[in-house]
Amino acid sequence: MRAGFGYDAHRLAPGRPLVLGGVAIPFDRGLIGHSDADAATHAVIDAVLGAAAAGDCGSHFPASDPRFAGARSTDLLADAARVVRAAGFSIVNVDCTIVAQAPPLASHVPAMRAALAAAAGIALDQVSVKAKSPEGLGFAGTGEGIEAFATAMLEATT
Ligand code: MG
């Protein structure tokens, strides 16, 4: 068994779609980034790659590469899952916590779990997503940005 941890944060700004855990969420602001800036999925990617000691989101999908401009981060997660499978691992589970003052995310959690599970090629009951309010504290609390944390467990298949 191998445990991995991931973290990501992106800045919120007007005029961008808000995508978290592969789900487009209605809001008056969205996250800024080279890809769709889906901080939750990026944290999951880093957890999955980290568990296999197989690099990170930035090394596999660099922001300097025009191929990833506007990329759907769930497509990148699917690539990351392929990387760890090729390295001889299966994904046992993923757990992600999103920290956002707004918008309320609880109603979107089931769709996020489904999108992440589909991208990672695992079952719904292997994916957990939790949304936490930062209670007004820090950059997430002021609405300057949204951050996400994730863990992943991998099992060697060989
Ligand atoms: Mg990111």
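Of note:
- In the stretch 98-120, the residues that are over 21 Å from A71 (Cα atoms), surrounded by fewer than 19 Cβ atoms within 10 Å (Cβ to Cβ) and under 15 Å from the mean Cα position of the chain (by Cα): V109, P110
- Residues of the stretch 2-23 satisfying the condition of being on the phi < 0 side of the Ramachandran plot, buried (at least 23 other Cβ atoms within 10 Å of the Cβ) and either outside any strand (DSSP E or B) or among the β-branched types (V, I, T) (or both): V19
- Taking the listed residues A71, A37, A43, the one that is free of Cβ contacts under 8 Å to residues at least 40 places away in the same chain and surrounded by 22 or more Cβ atoms within 10 Å (Cβ to Cβ) is A37, with no other qualifying.
A quick yes/no check of all residues on (1) away from the ligand (no atom under 13 Å from the Cβ); (2) touching a strand residue (DSSP E or B) at 6+ places or on another chain (Cβ under 8 Å):
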| residue | (1), (2) |
| --- | --- |
| A3 | yes, yes |
| A13 | yes, yes |
| G22 | yes, no |
| L31 | no, yes |
| I45 | no, yes |
| A52 | yes, yes |
| C57 | no, yes |
| P62 | no, no |
| A69 | yes, no |
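- Test: residue in the stretch 121-136 that is over 16 Å from the mean Cα position of the chain (by Cα), more than 16 Å from the ligand (Cβ to nearest atom) and among the acidic types (D, E): yes
- Elements of type helices (runs of 4 or more DSSP H) in the stretch 52-131, at least 3 residues being at pLDDT below 95 and touching a helix residue (DSSP H, G or I) at 6+ places or on another chain (Cβ under 9 Å): 57-60
The values are calculated or read from the model by the stated rules, or taken from the named source; none is laboratory data. A quick note: this is a predicted structure, and the numbers were derived from the prediction, not measured. So basically every Cβ, Gly included, is an ideal-geometry build from the backbone, and we count neighbours across all protein chains shown.
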